[in-house]
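This report refers to the structure that appears directly beneath it.
The values are calculated or read from the model by the stated rules, or taken from the named source; none is laboratory data. All values reported here derive from a predicted model rather than from experimental measurement. Using ideal geometry, Cβ is built from the backbone for each residue, glycine included, and neighbour counts are taken over all protein chains shown.
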Amino acid sequence: MAATKKVEVRYYSKTGNTAKLAEAIGDELLVKAKSVEVPIEGDVDILFLGSSVYGAGVDNKVKTFINSLDSRVKTVVNFSTAAILPSTYGQIKKLLGEKGIALEVREFHCRGEFKFMHKGKPDAQDIKNVREFARKIVS
Ligand SMILES: Cc1cc2nc3c(=O)[nH]c(=O)nc-3n(C[C@H](O)[C@H](O)[C@H](O)COP(=O)(O)O)c2cc1C
């Protein structure tokens, strides 16, 4: 039998949308979803990293977190919410590239509520979808 993969979930969420995805992933994989302010310790096979865009891009706390990573993290999986932008994938890939850490090609992204836009997003279907996504990634 294959050894169990070590999975971690980290996220940054200003208004709670990306946090909903992080909690769902954590719940699905029986791992506690934690803020990017909680450092990674030891070897990690799969790090689910959640972020969003705020004008200029991902928050500085996400950048600081990525900067703190090293090769003990084998793979990062991006998940994100945004009002308009298709995803944070490109920004995260660039930041991880500077650290020599691989970013999984599969990602999860959905709309996030912002002012009068996308009321209730992520919604129940998004949560169902992100749970399925997380299961597939670790399988
Ligand atoms: C200060 C601020 C700036 C934002 N700028 C953008 C933006 O430039 N492009 C975009 O697609 N969404 C933008 N949004 C919308 C957020 O990306 C969206 O609401 C996202 O789901 C927020 O995630 P969070 O609740 O996890 O913080 C902005 C939201 C805030 C609060």
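For region 34-60, give me the residue count where each residue is surrounded by fewer than 20 Cβ atoms within 10 Å (Cβ to Cβ), within 13 Å of the ligand (Cβ to nearest atom) and in a strand (DSSP E or B).
The number of residues fulfilling the criteria is 3.
Need pairs with beta-carbon distance below 8 Å; first residue on the phi > 0 side of the Ramachandran plot and within region 44-59, second within 10 Å of the ligand (Cβ to nearest atom); sequence gap 6+ or separate chains.
Taking only residues 6 or more apart or on different chains, the pairs are G57/T88.
Quick one: N129 ticks every box in (1) over 15 Å from the mean Cα position of the chain (by Cα); (2) surrounded by 14 or more Cβ atoms within 10 Å (Cβ to Cβ) bar one, so which box is it?
Every condition holds for N129 apart from (1).
Of the numbered conditions (1) under 18 Å from V7 (Cα atoms); (2) at pLDDT 95 or above, Y89 fails exactly one; give the number of that condition.
All conditions are met except number (1).
May I ask you to list the residues in region 82-100 that are within 15 Å of the chain's Cα centre (by Cα) and either of a type outside the set (K, R) or surrounded by 19 or more Cβ atoms within 10 Å (Cβ to Cβ) (or both)?
Answer for region 82-100, where residues must be within 15 Å of the chain's Cα centre (by Cα) and either of a type outside the set (K, R) or surrounded by 19 or more Cβ atoms within 10 Å (Cβ to Cβ) (or both): A82, P86, S87, T88, Y89, G90, Q91, I92, L95, L96.
Can you work out which of the residues in region 61-103 that are closer than 21 Å to I127 by Cβ and in contact (Cβ under 8 Å) with a residue 40 or more places away in the chain is nearest to the ligand (Cβ to nearest atom)?
The selected residue is T81.
Among the residues of region 1-33, what is the count of those that are away from the ligand (no atom under 11 Å from the Cβ) and surrounded by fewer than 14 Cβ atoms within 10 Å (Cβ to Cβ)?
Summing the residues that are away from the ligand (no atom under 11 Å from the Cβ) and surrounded by fewer than 14 Cβ atoms within 10 Å (Cβ to Cβ) in region 1-33 gives 6.
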